[in-house]
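> Just passing along the structure, written as structure tokens.
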Amino acid sequence: MGDNDSTHDKTEETDAKFQSSDRPSSFENIKNIIADKLHHIADTINEKASDPDAQSGISQGNQVSGWLNHSAEYVRQFDGEQANANVREYVGQNPGRCLLIAGGVGLIIGAILRRR
């Protein structure tokens, strides 16, 4: 039992180090950069779609622009800590399934890389 307690303490120390570092602020910066780029691309597509010379793709351009704006807002509101907590909880509840999924993904990636 002593080994399990020391492992748990080390995990808590590692989590505390990551939380106290400037990682969250850099993550927020990256999120904002990605969201800004998505908004910029959406605006560019919307401008191209509203161009009178490009009549054929107006509805598709507006739809794609809307999707990109929605994606940008999703990225901006994404909470990495909550996602991390959700993944940790899921892995804790389903360790066997997670190992099988990870093994399957590893086999697929290995097969793809072997063919090249």
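The values are calculated or read from the model by the stated rules, or taken from the named source; none is laboratory data. Predicted model only: the values in this text are computed from it and were never measured. As a convention, Cβ positions derive from the backbone with ideal geometry for all residues, glycine included, and neighbour counts pool all protein chains shown.
> If you check every pair at least six apart or on different chains, which have Cβ atoms under 9 Å apart with a residue in segment 27-55 that is closer than 20 Å to residue 80 by Cβ and assigned by TED's automatic domain parsing to the domain that holds residue 73 first and a residue that is outside any helix (DSSP H, G or I) and modelled with pLDDT of 85 or more second?
31/78
> Tally up the residues in segment 74-105 that are outside any helix (DSSP H, G or I) and closer than 22 Å to residue 25 by Cβ, please.
Number of matching residues: 2.
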